[in-house]
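Q: The structure that follows is given in the form of structure tokens.
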Amino acid sequence: MTRAEAPCPGVCSSCGRWSALLLPGFQQAFSLVLLLLLPPPPPPPLPPRRRRRLLCGIMVCFRFSPVPGSGLVLLCLVLGAVSSYALELNLTDSGKATCLYAKWQMNFTIRYETTSKSYKTVTVSDLSTATYNGSACGEDQNGPKIAVQFGSGFSWVVNFTKEGSTYSIDGISFSYNISDNTTFPDAKDKGILTVYDPVRFRIPLNNIFRCNSLSTLEKDDVVQYYWDVHVQAFVQNGTVSTKEFLCEKDRTSTTVAPITPTTTPAPTTTPIPKEKPEVGSYSVNNSNGTCLLATMGLQLNITHEKVASIININPNTTDFTGNCHPQSALLRLNSSNIKFLDFVFAVKNENRFYLKEVNISMYLVNGSVFSIANNNLSYWDAPLGSSYMCNKEQTVSVSGAFQINTFDLRVQPFNVMEGKYSTAEECSADSDLNFLIPVAVGVALGFLIIVVFISYMIGRRKSRTGYQSV
């Protein structure tokens, strides 16, 4: 039997018994913990083939590590009872010595174009089916590699290289099958798409890299999120180092971010009202000059895991991009915590425009990712060649969990001339106000006329009384 074919240490060749996994004298305590942790009745056991893949592998002994509040996640994995997973890989060489160790959490958001020329965003976070086929300790020609496969056609690979007294997280590639209609309904493109990020992050040899803080990688339409990362390649003498090399965020912050809560969330809380957001001016240019103008104060209302929060967008720290087409236009905002906030405008009936779609992907203060998309909206309707204006507070309801309050809004996504707004069509709230002003003035003038008339009549009566006395 070659080393690559050997079963994982502590597991019998049939992969059907667990007792060898336990330390001597621990079996009884394990049985008690198992009874306490698993709710009755237990789910049916996995078929032998599935257990063999989880327990044996190909000399890659891996498991899902404990997550706070979730008990023994290894057991939950086998019984299919967990929805949030931390990945852990302990790769050994032919001498059973650890050569590469990694423990981390990650998820992904992917934005794609549909056949109707709109955009959708999906979040990929279920790693319960993860396998590690292709992971390797490395050799003279090829360095160590972690390869993970999960879900319906997702794969993730990270490569390591060594130079002198340091080793590098050399690059990360992520592939997904956009032909999968379940994950990517109505996708315009088909096939396997891959994004590659050349990380080139150097770490001293015999140090374990640690980054509890949330880190993101952005490439094309994919955003990768990582947290609680512990990794060491080129492990010396088979012993994972206790000396940590911290990422920059962990050096400057004591905040430990992003573990998905597994406890029951608290009841919905009412957010503390925030002050009116600052108004920002945004624009999009193309080869013909400015093609989109927007001025507005934006306030985000988010409900996530029954906790409501209000976030004011600061235009001074917000970047903006976009594009313009004859039938559609896009304004995209992004900042340090907002990956993208998209406003998609469309033309209808060849003579009017409206806000058709809003997409957002951002991470909250606890590090969790919040993503919502709605391509069936109908707001900010105005004739082509004009702008839409609403000075009063207005709410764009994207979903039950996400609304946008706008203040001092003015937008023109089509037919911008000389970089200036055209004549505005006002919202009903502003129109009502403009209607009330002349009504109020008219009422005041009418009241003044009545007062003058009454004063005249009183004065005239006094004059008549004087003449009678004479």
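The values are calculated or read from the model by the stated rules, or taken from the named source; none is laboratory data. Everything numeric in this text was worked out from a predicted model, so none of it was measured. Positions of Cβ are backbone-derived with ideal geometry, glycine not excepted, and every protein chain shown enters the neighbour counts. These area figures cover heavy atoms from the full protein model, side chains too; ligands, DNA and RNA do not enter into them. Shrake-Rupley method; radii C 1.70, N 1.55, O 1.52, S 1.80 Å.
Q: According to a simple spin-label model (label point 7 Å from Cα along Cα-to-Cβ), what is the distance in nm between E163 and S281?
A: 4.6 nm
Q: Take V443 and T239, extend 7 Å from each Cα along the Cα→Cβ direction, and tell me the distance between the two endpoints in nm.
A: 8.6 nm
Q: Calculate the dipole size of the range 281-414 relative to its Cα centre from +1 charges on Lys and Arg beta carbons and -1 charges on Asp and Glu beta carbons; express the result in debye to the nearest 20.
A: Dipole of the range 281-414, to the nearest 20 debye: 60 debye.
Q: Given 25 °C and 0.890 mPa s, how large is the Stokes-Einstein diffusion coefficient of the range 133-236 in µm²/s, with Rh as the Kirkwood radius over Cα pairs?
A: 161 µm²/s
Q: Another question, if that's okay. Please name whichever of N181, P198, S168 sits farthest to the positive end of the charge dipole of the range 134-199, dipole taken about the Cα centre and charges placed at Cβ: Lys and Arg +1, Asp and Glu -1.
A: Result: N181.
Q: Determine how large the accessible area of K339 is when every protein chain is in place; take a 1.4 Å probe and give Å² rounded to the nearest 10.
A: Roll a 1.4 Å probe over it and K339 shows about 40 Å².
Q: Okay, next question. What translational D, rounded to a whole number of µm²/s, comes out for the range 90-162 from Stokes-Einstein when the hydrodynamic radius is the Kirkwood one over Cα pairs, at 37 °C and 0.692 mPa s?
A: 225 µm²/s
Q: I would also like to ask the following. Could you please report the charge total around Y196, scoring K, R as +1 and D, E as -1 over all other residues with beta-carbon less than 13 angstrom from its beta-carbon?
A: So the surrounding residues net to -2.
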